[in-house]
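Input: a single structure, listed below in structure tokens.
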There are 2 protein chains.
Amino acid sequence: MTPGAGSELDRGIFVSPRDGDPSTYDAHLDAGWRIGSGVNGGLLLAVMGNALRARLASLPGAHVDPVTVSGYYLSAARPGPAAVRTRILRSGGSMSSAAASLVQPGGPDDVENERERVTALATYADLATLPVDVRTTAVAPDLPPPERCVSVADTSPDFLQEAALLERLDLRLDPACLGWMHGRPSGRGVVSGWLRMADGREPDALLLLLAVDALPPVTFDLGLFGWTPTLELTVHVRAAPAPGWLRVRHATRNFAGGLLEEDAEVWDSTGRLVAQSRQLALAPRE
Amino acid sequence: MTPGAGSELDRGIFVSPRDGDPSTYDAHLDAGWRIGSGVNGGLLLAVMGNALRARLASLPGAHVDPVTVSGYYLSAARPGPAAVRTRILRSGGSMSSAAASLVQPGGPDDVENERERVTALATYADLATLPVDVRTTAVAPDLPPPERCVSVADTSPDFLQEAALLERLDLRLDPACLGWMHGRPSGRGVVSGWLRMADGREPDALLLLLAVDALPPVTFDLGLFGWTPTLELTVHVRAAPAPGWLRVRHATRNFAGGLLEEDAEVWDSTGRLVAQSRQLALAPRE
């Protein structure tokens, strides 16, 4: 696929191998994936995941799907040029592992010095070859149908202005998690809803890396506004998602010491738990 | 502390900076930390965590405590010499981040070639300086008192022989999770119990890296025996634990596709949730 072709997400995560250095991939971070002044952490993980996919697809095993990805966020990524450096740790057999680093040029006075934005470790496989047994005991979130949920476009103009990426998502939030819109947060620390791309692009393993970090912070449901910068985000992709709506549930259970964990589950249209993630984030300042 | 001094755990995780290469730390993996034929993954993370502590303690901020550590397991570590290579990613401010790699010499015919066993990313801070707010909604596991739980020493001689590290732990398992000992696993996928070091060494942040991977696999409670090799393990250390017993609960909710996640929570004697972890592991072959 060439830049400009395909869906908004495919353009957003597009990478091209650098001439003469096939372990480095060039990318461009579009302002349309902003949240606050930085680029959304899930989108960054999908860009890195796409570079790793390209690198690992050409190695023995052709492991094209992320199974587990852990991103450590070192500094805020800004819209503009970026590069992903990849390093193979182990390849072949049923899974391959690799490291990736997303870097951007320094500021106008310091373009020579690269800034590392995110560093990641990942293990890839071919999800189509995994055994077919499913004995999941987790239960999918019980949501009203999408048409009875609240489109994020209707939440708050201030909020949308701060989160450009939401315009690219068709995100329908469960009204039970939206008390904060009316000054009555539930205090449970839960946000859930239906998710698909606004342009109809169907989900795959890379989209799941975005889906786990695309909802409003669970802290809104605790009555705390402001952003929750991610320190670390690990995603387990457990199956290739079926086409259609995804159900996503975010929750926190341990808000303490100025930090919180945020767990996400993503369920596909067949009712399969296709991704689980946990992130450690900085609590908003009150 | 010098090797041979202190507790079994302090000897087990002892590292010394290599002459002329202060970013590399030498270690020795003792056979007493085996599980099956390899060395326990939590112990390996504690060895790496100790090397990172030594490296980061000397840098601005003196960030001596792991806040989040993600280990990717590349090959089984064997008892014997090992080294931890460290690389600073960001230091100073309220937290520092670093990478670490645990390597061992190759086999007898190939001692020149190092084998990478675990590669990790980590963010460190000084836990004593974090804000004191605690609004945890998670609930500690309801366990019978330690004297009414089952000492792991009484579970199964075969099991103990396979898991040398259990002799160094005083681990008292909740009888409700031990149906597998009598051929009646509960099917819930839960293992919980009380944990302290057999030699009385009090818990700290590094011990928590071991504690999240020290219980029998949750798959025993699903009626599946055999080991569950870890692919990836991320631990969030959320507070320095108080002295005394730890309560540990492991659970899985998504056993599918030949993989399972295993979540662990560790609560200290004051009732604080001090660590949360999740690992992705290979399901045992039936």
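The values are calculated or read from the model by the stated rules, or taken from the named source; none is laboratory data. The structure presented is a predicted model; accordingly, all values stated were derived computationally and were not measured. Positions of Cβ are backbone-derived with ideal geometry, glycine not excepted, and every protein chain shown enters the neighbour counts.
A few points about this structure:
- Of all residues in region A:130-140, exactly one satisfies the criterion of being more than 24 Å from the chain's Cα centre (by Cα) and more than 7 Å from chain B (Cβ to nearest Cβ), namely A:VAL132.
- Evaluated against (1) under 19 Å from B:VAL152 (Cα atoms); (2) in a strand (DSSP E or B), B:LEU233 falls short on exactly one condition, (1).
- Test: residue in region B:36-56 that is touching a residue at least 40 places away in the same chain (Cβ under 8 Å), assigned to a strand (DSSP E or B) and of a type outside the set (Gly, Ala, Ser): yes
- Listed by first and then second residue, the pairs linking a residue in region B:74-98 that is facing another protein chain (nearest Cβ under 9 Å) to a residue that is surrounded by 19 or more Cβ atoms within 10 Å (Cβ to Cβ) and among the basic types (Lys, Arg), with Cβ atoms under 8 Å apart and 6 or more places separating them unless they lie on different chains, are B:LEU74/B:ARG117; B:SER75/B:ARG117.
- The set of residues from region A:115-143 being farther than 30 Å from B:LEU233 by Cβ and touching a residue at least 24 places away in the same chain (Cβ under 8 Å) comprises just one member, A:LEU143.
- Evaluated against (1) within 22 Å of the chain's Cα centre (by Cα); (2) closer than 28 Å to B:THR219 by Cβ; (3) among the aliphatic types (A, V, I, L, M), A:LEU143 falls short on exactly one condition, (2).
- Region B:124-140: number of residues that are acidic (Asp, Glu) and at pLDDT 95 or above: 1
- Condition met for A:ALA57 (under 19 Å from A:ALA198 (Cα atoms) and either surrounded by 24 or more Cβ atoms within 10 Å (Cβ to Cβ) or assigned by TED's automatic domain parsing to the domain that holds A:VAL118 (or both)): no
- Taking the numbered list (1) within 13 Å of another protein chain (Cβ to nearest Cβ); (2) of a type in the set (Gly, Ala, Ser); (3) not in a strand (DSSP E or B) in turn, B:SER70 passes all entries but (3).
- Of the candidates A:THR219, A:THR230, A:THR252, the single residue that is in contact with a Pro (Cβ under 7 Å, 6 or more places away or on another chain) and β-branched (Val, Ile, Thr) is A:THR219.
- Taking the listed residues A:TRP227, A:TRP267, the one that is at pLDDT 95 or above, more than 11 Å from the chain's Cα centre (by Cα) and not assigned by TED's automatic domain parsing to the domain that holds A:VAL47 is A:TRP267, with no other qualifying.
- Residue identified as within 12 Å of chain A (Cβ to nearest Cβ) and at pLDDT 95 or above among B:LEU121, B:LEU143, B:LEU56, B:LEU52: B:LEU121
Matching residues to (1) of a type in the set (D, E, K, R); (2) outside the structural domain of B:GLY42 (by TED's automatic domain parsing):
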site	(1), (2)
B:LEU102	no, no
B:PRO105	no, no
B:GLU114	yes, no
B:ALA163	no, yes
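- Of everything in region B:240-252 that is in a loop (DSSP other than H, G, I, E, B) and within 18 Å of B:TRP194 (Cα to Cα), the residue that is nearest to the other protein chains (Cβ to nearest Cβ) is B:ALA240.
- Tally, over region A:222-234, of residues that are more than 7 Å from chain B (Cβ to nearest Cβ) and crowded, with 24+ Cβ neighbours inside 10 Å: 1
- Search result, residues across region B:57-73 that are free of Cβ contacts under 8 Å to residues at least 60 places away in the same chain and not hydrophobic (A, V, I, L, M, F, W, C): B:SER58, B:PRO60
- Scanning region A:77-112 for residues that are part of a loop (DSSP other than H, G, I, E, B) and surrounded by 14 or more Cβ atoms within 10 Å (Cβ to Cβ) yields A:ALA77, A:ARG78, A:PRO79, A:SER91, A:MET95.
- Any hit, region A:162-176, residues being in a strand (DSSP E or B), without any contact (Cβ under 8 Å) to a residue 40 or more places away in the chain and either touching a Cys at 6+ places or on another chain (Cβ under 8 Å) or not acidic (Asp, Glu) (or both): yes
- Restricting attention to region A:253-271, the residues that are at the interface with chain B (Cβ under 8 Å from one of its Cβ atoms), in a loop (DSSP other than H, G, I, E, B) and touching a residue at least 12 places away in the same chain (Cβ under 8 Å) total 2.
- Pairs with Cβ under 6 Å, 6+ apart, first in region B:177-199 and closer than 10 Å to B:LEU222 by Cα, second surrounded by 17 or more Cβ atoms within 10 Å (Cβ to Cβ) and aromatic (Phe, Trp, Tyr): B:TRP180/B:PHE220
- Against the test of being under 20 Å from A:ARG272 (Cα atoms) and of a type in the set (Val, Ile, Thr), the options B:THR252, B:THR234, B:THR230, B:THR219 yield a single qualifying residue, B:THR252.
- Whichever residue in region B:235-252 is over 14 Å from the mean Cα position of the chain (by Cα) and surrounded by 21 or more Cβ atoms within 10 Å (Cβ to Cβ) and, among such residues, is nearest to B:VAL218 (Cα to Cα): B:THR252
- Among the candidates A:SER192, A:SER186, the residue that is buried (at least 20 other Cβ atoms within 10 Å of the Cβ), among the polar types (S, T, N, Q) and over 23 Å from B:GLY71 (Cβ atoms) is uniquely A:SER192.
- Verdict on A:LEU210 being among the aliphatic types (A, V, I, L, M), within 13 Å of the chain's Cα centre (by Cα) and either surrounded by 24 or more Cβ atoms within 10 Å (Cβ to Cβ) or assigned to a strand (DSSP E or B) (or both): yes
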